[in-house]
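None of the figures in this text is laboratory data; all of them are computed from the coordinates on show. Here the structure is a predicted model, which means the values were calculated and not measured. Cβ atoms come from the backbone with ideal geometry, glycine included; neighbour counts cover every protein chain shown.
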Amino acid sequence: MDELKKAAKIAFASEFSFYLKAHNFHWNVEGIHFLQFHDLFGNIYEEVYGSIDDFAEKIRSLGAYVPASYTRFSALTAIEDETQILPPEQMVAELLGDNEKITKIFKLVFDLSEQAGEHGFSDFIAGRMDAHRKHGWMLRATLK
Ligand SMILES: [Fe+2]
């Protein structure tokens, strides 16, 4: 159970960082196809942000505290910070790589959750994996 709580916190911090990066790209993307990329990143950040409160409250329901400060996020997240303004295709490629990282982390959390018999939490995590699979498709299709 402790391992599950720890992994869930890492997943949460990574999910929040992923959300922030998608929002960053939504705001700062530039170029001839601005609107297409602005909307792509917009759809992703909105979907992920929409899951954050539920995710946090599910962590509280497991009996753990929610990491919710820049210090805690940077200590726990698996998503590397991006401070440069990248060309649009590089933004997409970077977010695709991060999406794959997130998916792997969620898979680990899912397995730990099943081992702990926390099927409700597993169900939530499975939903997040599904959502990220769709984000992966959109990002990958954009790069072709
Ligand atoms: Fe916006």
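Peptide packing for 37-49, 9-21, 118-130 was compared via the average number of neighbouring C-beta atoms within 10 Å per residue; ordered from the highest value, the list is 9-21, 37-49, 118-130. Rg and Dmax of the chain, both derived from C-alpha coordinates alone, stand at 15.3, 50 Å.
Does segment 73-144 come out rounded, prolate or oblate by the C-alpha gyration tensor, with a ≥ b ≥ c the root eigenvalues, rounded set by a/c under 1.5 and, if not, prolate when a/b is larger than b/c and oblate if not? Intermediate values should be presented prior to the final figure.
Values: a/c = 3.84, a/b = 1.76, b/c = 2.19.
Oblate, since a/c reaches 1.5 and b/c is not below a/b.
In the chain, helical runs assigned H by DSSP with n ≥ 4 each contribute -39500 (n - 2.57); averaged across all residues and rounded to the nearest 500, the mean residue ellipticity at 222 nm is -28000 deg cm²/dmol. Modelled spin-label separation between Glu100 and Lys144, with each label point placed 7 Å from Cα along the Cα-to-Cβ direction: 1.7 nm. The packing ranking of peptides 22-32, 68-78, highest mean first, is 22-32, 68-78, where packing means the average number of other beta carbon atoms within 10 angstrom of each residue. Within a straight-line Cα-Cα reach of under 24 Å, Lys134 can be paired with the following lysines, leaving aside sequence neighbours fewer than 8 residues apart in one chain: Lys9, Lys21, Lys58, Lys101, Lys104, Lys107, Lys144.
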